[in-house]
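Derivation of every value follows stated rules applied to the coordinates shown; laboratory data play no part. In this text the structure is predicted, and so the values were computed from the model without any measurement. Glycine also receives a Cβ, built like all others from the backbone with ideal geometry; neighbour counts cover every protein chain displayed.
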2 protein chains.
Amino acid sequence: MASSPSAARRTRPSADATRDRILAAALDLFADRSFEGATTREIAHRAGVSQPSLNYHFRSKDELWRAAVDGLFAELGATLRARLDGLRGVDEVTTAELVIRDFITFSAAHPQLHRIITQECKGEGERIDWLVDTHVRPLYDVTTSLFSRLAAQGAVPDIPAPFLYYILTGAGPTIFVLAPECRRLAGFDPRRPESVATHADAVVDLLFGRRGAGGPPAP
Amino acid sequence: MASSPSAARRTRPSADATRDRILAAALDLFADRSFEGATTREIAHRAGVSQPSLNYHFRSKDELWRAAVDGLFAELGATLRARLDGLRGVDEVTTAELVIRDFITFSAAHPQLHRIITQECKGEGERIDWLVDTHVRPLYDVTTSLFSRLAAQGAVPDIPAPFLYYILTGAGPTIFVLAPECRRLAGFDPRRPESVATHADAVVDLLFGRRGAGGPPAP
DNA sequence: GTCTATAATTAGATAGAC
DNA sequence: GTCTATCTAATTATAGAC
């Protein structure tokens with residue numbers, strides 16, 4: 001998924017598989033330990049290669065980080081694009097609900113996305129500039145303009161689109177990002193399929209103003 | 001707030017002020033760079049002391065981290081306790097709304113809370129065990145039992161309490177934790193008082209099922 | 001391409017003067 | 001208490017054999 005088999009092969013065939021193993025290990029460790037906290041030695045060890053092998057395949061730790069993040073956003077983009085391609089002509093409210101469910105399901109399978117964005121959102125830095133300009137802004141623009149149209153037709157509450165955006169990106173992924181805490185506090189793994197479904201239902205019901213099943217009306 | 005002036009003074013008076021400056025610097029840097037990413041040299045530099053001074057006041061980097069986190073949760077606890085003390089006899093729905101607003105306001109002023117919890121929620125580790133057992137579980141227990149009662153009387157949607165808990169802890173603080181991204185994407189600082197109020201209104205309206213206006217968009 | 005060996009830097013913690 | 005100087009270990013990156 002992160003390799004590009006279409007690119008002209010200037011390298012040995014075995015290099016692609018090695019590159020992908022390094023990228024997968026790098027993504028996990030960068031997400032868990034942050035850029036500074038992850039060590040190239042541990043990435044190499046998890047990928048089953050020597051530490052200098054990383055500097056052969058990637059110019060630096062920084063370039064390895066960017067390549068790993070590229071792969072993650074490529075996967076998210078492919079997921080959302082596949083959903084939208086299958087829904088041409090469907091009304092916008094239904095489309096929005098299904099895309100939001102896809103986003104939540106993706107966040108459960110790949111909590112690295114939210115973790116890495118959170119880690120880079122400290123003071124300033126080149127990585128957050130690159131992250132926002134390259135990957136986040138396109139998603140933000142399409143999401144907020146969709147929310148504005150949904151609010152205009154009364155499908156979602158009349159909350160300014162940037163706030164709705166951050167309510168969704170917080171309410172959706174957080175339970176999966178904090179899964180180790182959730183296991184300790186609540187005694188269940190939120191990333192199990194039943195939990196993901198319950199959580200997606202809850203977030204969608206909340207956003208689209210549906211009161212959950214069965215509760216008595218407020219006095 | 002983190003020093004204990006009531007404790008028997010076995011140290012010089014100047015030590016308390018130094019300790020507090022170290023703790024404040026440590027909290028900021030641990031929150032921004034994670035435990036591994038923050039260096040004791042930079043914490044010392046920001047606090048205006050030498051690096052070995054940290055090892056005089058705290059046994060180790062690990063103990064410094066715990067002391068900084070203790071201070072943060074003490075401040076949150078004091079904030080919530082003050083609110084609850086002022087609301088004896090008030091109905092539970094009103095109490096819940098005000099406490100949630102306090103939590104969101106606190107998260108805007110102290111995004112370190114959510115950042116540190118997120119950072120420690122990787123695989124496993126002694127720090128997450130300590131964090132949950134010492135500080136998070138009491139808050140979780142009181143919050144989820146409150147949510148259960150509110151759901152039973154129809155004040156909030158009928159969503160299982162653990163999911164409601166993570167929807168709140170995600171939807172509330174995330175916009176402040178991702179403030180550097182928000183500034184770049186939406187062009188405003190979410191931590192400004194008007195934005196905090198708009199966001200708190202939006203989250204409360206959503207949780208309590210009001211379709212109300214979220215207020216004017218921030219400039 | 002992948003390895004071992006290592007260079008250059010930086011980390012947390014300690015020793016000891018004052 | 002606070003400092004300067006320094007120890008040991010771990011970090012990223014490079015050199016060069018195969």
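Things worth noting here:
- Ordered by the count of other Cβ atoms within 10 Å of each Cβ, fewest first, B:F208, B:F163 give B:F208, B:F163.
- Distances in nm from A:R46 to the matching label points in the other copies, shortest first (labels 7 Å along Cα to Cβ): 2.6
- 3J(HN,Hα) from dihedral phi, the range A:32-48, Karplus parametrisation 6.51/-1.76/1.60, rounded to Hz, x for glycine, proline: 6, 10, 6, 4, 6, x, 6, 9, 5, 4, 6, 4, 4, 4, 5, 7, x
- Across chain B, Cα pairs under 8 Å and at least six residues apart give a relative contact order of 16 percent.
- In order along the range B:94-110, phi translates into HN-Hα couplings of 4, 4, 4, 4, 5, 5, 5, 4, 4, 4, 5, 4, 5, 5, 5, 7, 9 Hz, rounded to whole numbers, per the Karplus curve 6.51 cos²θ - 1.76 cosθ + 1.60 with θ = phi - 60° and x for Gly and Pro.
- Charge-dipole axis of chain A as Lys and Arg at +1 and Asp and Glu at -1 on Cβ define it, positive-most pick from A:A108, A:L29, A:F176: A:L29
- Amide H within-cut-off set for B:H110, under 5 Å, with H built and near neighbours excluded: none
- Copy-to-copy label separations for B:T94, where each label sits 7 Å from Cα toward Cβ, in nm and ascending: 4.5
- Across the identical copies, the 7 Å label point of A:A15, projected outward along Cα→Cβ, sits 6.0 nm from its counterparts, in ascending order.
- Packing here is the average count of other Cβ atoms within 10 Å per residue, and on that basis the peptides A:165-175, A:27-37, highest first, run A:165-175, A:27-37.
- What separates the Cα centres of the range B:189-211 and the range A:57-102 is a distance of 28 Å.
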